[in-house]
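Just below is one structure, and these are the notes that go with it.
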Amino acid sequence: MHRRKPRQSVEQKFKGVIASVAKQSPKFTGLLHALHLEACALLAMTIFVAMKDTIFTKNFAKNLSHFLERKNYSLHFILMDENTHQLCLPILQQEIQDLASATRIEIYAGEEHKNIRAAEYVWQRLTEEKADRNSVLINLGGGMVCDLGGFAASTYKRGIDFIHIPTTLLSQVDAAIGGKQGIDFMNFKNQVGVFRQPAGVFVHEEFLKTLPQEEIVSGFAEVIKHALIAGDGLWKKTVSIENLTEVNWNEIVSDSIDVKLAVVKKDPEEKNLRKVLNFGHTMGHAIESWILNQHKTTYHGHCIATGMMGELYLSSSCLGLSEKKRDEALTVIRKHFPKIVFPESEFDALIDLMKQDKKNEHGTIRMALLRKFGNPVIDVEVDEMQIREALKFMMEQNEG
């Protein structure tokens with residue numbers, strides 16, 4: 001059977017040209033490699049500028065109205081779950097009256113519904129409503145709606161535009177930013193997906209007022225992660241927060257987005273540096289999948305916070321993060337997040353889930369850990385014995 005050659009990236013094609021020309025004219029090799037580095041840097045900066053120019057954190061109604069007018073889409077579709085339909089759609093349509101006639105697509109809320117069946121339903125509705133390639137899918141919701149909607153739009157007719165309007169703290173500071181779109185598959189988190197930037201991201205603080213407090217707490221986990229990665233200013237702000245009901249979220253959201261963009265501009269498709277944004281997620285995703293596999297509900301951020309506790313322990317044992325700093329971060333996490341407890345008999349199941357993590361290579365579990373606050377390290381190989389020690393540490397922290 002004939003097999004199609006895998007599609008090459010722009011960088012791979014450029015390297016191929018370098019090799020070909022260098023073989024014929026060796027004296028030009030150094031110049032070509034220099035041009036390659038400049039081209040890659042220019043590509044990364046172009047992507048970063050494009051992202052920065054399409055993320056709006058102020059003047060929601062004005063910016064979104066002007067954006068839609070300029071784009072002149074043929075059809076507008078709004079993807080939402082039952083919660084954002086009830087709580088957020090009225091706000092959106094009151095502020096953007098041109099969307100009153102947009103076609104609505106409603107899916108079930110919850111991570112357990114971020115799957116291929118929901119994506120198929122979105123494709124079906126787009127097809128039934130005759131969406132063409134100049135249509136736009138507006139994802140009105142949290143991380144689940146943005147992830148799934150971005151994936152569905154990216155694959156419908158080989159890609160139509162989509163806009164993220166994140167309505168939760170977690171999606172405003174993380175899920176809607178950076179171009180990762182995907183769904184869960186076979187109970188593994190984000191197992192199928194693409195890298196594709198939204199046409200625009202429009203952040204509106206009013207949507208945060210519709211959330212239950214647990215959703216705010218959940219989103220705060222990603223703020224803590226960004227603060228630990230960045231260190232200094234954002235970490236000091238994070239440590240100083242005593243009550244999550246009394247926070248200037250505009251400032252925190254903007255600072256957190258800046259941390260993520262600073263990383264993504266250097267590595268848009270997570271080849272290297274972008275892996276630092278997965279701190280806490282190897283263990284956190286395993287915990288979340290383990291809970292969902294038992295047909296129980298949980299919050300993504302609660303699981304990530306628990307995962308960060310384990311990975312802070314590993315940061316100390318593997319990279320020498322000071323116990324003083326480790327305990328400082330643990331205190332912040334314990335202050336704001338509920339305890340997640342799991343028995344030692346489930347360690348094997350959790351480790352098996354970690355073995356499916358996308359950062360792994362050559363059959364080894366690899367994590368993004370911290371040498372210091374503001375100094376993350378990627379591709380740290382961690383063996384099963386070390387993971388068991390971290391899981392025991394997490395149990396002790398949550399039982400104490």
In the stretch 154-174, which residue that is in contact (Cβ under 8 Å) with a residue 40 or more places away in the chain and assigned to a helix (DSSP H, G or I) is nearest to Val276 (Cα to Cα)? Asp174
Going by what's in this entry, would Met394 be described as closer than 21 Å to Gly320 by Cβ and within 19 Å of the chain's Cα centre (by Cα)? no
I'm trying to understand the selection: among the residues of the stretch 118-144, which are in contact with a Ser or Thr (Cβ under 7 Å, 6 or more places away or on another chain) and surrounded by 21 or more Cβ atoms within 10 Å (Cβ to Cβ)? Ser135, Leu140, Gly141, Gly142, Gly143
Filter the stretch 182-207 down to the residues that are out of contact with any Lys or Arg (no Cβ under 9 Å at 6 or more places or on another chain) and not in a strand (DSSP E or B), then identify the one that is modelled with the lowest pLDDT. Asn187
When only residues in the stretch 339-372 that are surrounded by fewer than 16 Cβ atoms within 10 Å (Cβ to Cβ) and among the polar types (S, T, N, Q) count, which is nearest to Ile224 (Cα to Cα)? Thr364
Scope the stretch 115-135; condition more than 25 Å from Lys71 (Cβ to Cβ) and among the small types (Gly, Ala, Ser); matching residues: Ala118
Only one of Gln86, Gln94 is loosely packed, with under 14 Cβ neighbours inside 10 Å, out of contact with any Cys (no Cβ under 6 Å at 6 or more places or on another chain), farther than 24 Å from Thr54 by Cβ and not small (Gly, Ala, Ser); which? Gln86
Which condition number does Gln124 fail, the rest of (1) under 25 Å from the mean Cα position of the chain (by Cα); (2) at pLDDT 95 or above; (3) polar (S, T, N, Q) being met? (1)
I'm trying to understand the selection: among the residues of the stretch 303-334, which are surrounded by 23 or more Cβ atoms within 10 Å (Cβ to Cβ) and either β-branched (Val, Ile, Thr) or in contact with a Cys (Cβ under 7 Å, 6 or more places away or on another chain) (or both)? Ile304, Thr306
Against the conditions (1) without any contact (Cβ under 8 Å) to a residue 40 or more places away in the chain; (2) within 26 Å of Glu396 (Cα to Cα); (3) under 14 Å from the mean Cα position of the chain (by Cα), where does Val259 fall short? Just the number, please. (2)
Take the stretch 147-164 and flag every residue that is buried (at least 24 other Cβ atoms within 10 Å of the Cβ) and acidic (Asp, Glu). Asp147
Out of (1) polar (S, T, N, Q); (2) under 30 Å from Thr168 (Cβ atoms); (3) in contact with a helix residue (DSSP H, G or I) (Cβ under 7 Å, 6 or more places away or on another chain), the odd one out for Asn360 is which? (3)
Do we have any residue at all in the stretch 223-234 that's within 19 Å of Met144 (Cβ to Cβ), at pLDDT 95 or above and either of a type outside the set (D, E, K, R) or assigned by TED's automatic domain parsing to the domain that holds Met283 (or both)? yes
Can you find even one residue in the stretch 229-250 that is in contact (Cβ under 8 Å) with a residue 24 or more places away in the chain, of a type in the set (A, V, I, L, M, F, W, C) and within 29 Å of Ala100 (Cβ to Cβ)? yes
Residues being among the charged types (D, E, K, R) and under 14 Å from Glu381 (Cα atoms): count how many of those fall in the stretch 312-363. 5
In the stretch 371-400, what count of residues is obtained for those that are of a type in the set (A, V, I, L, M, F, W, C) and either within 16 Å of Thr306 (Cα to Cα) or out of contact with any helix residue (DSSP H, G or I) (no Cβ under 9 Å at 6 or more places or on another chain) (or both)? 7
Scan the stretch 256-302 residue by residue and report those that are crowded, with 16+ Cβ neighbours inside 10 Å, charged (D, E, K, R) and closer than 15 Å to Lys358 by Cα. Glu270, Arg274, Lys275
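The values are calculated or read from the model by the stated rules, or taken from the named source; none is laboratory data. None of these values were measured; they are calculated from a predicted model. When we count neighbours, we look across all protein chains shown, and the Cβ atoms used for this are built from the backbone with ideal geometry, even at glycine.
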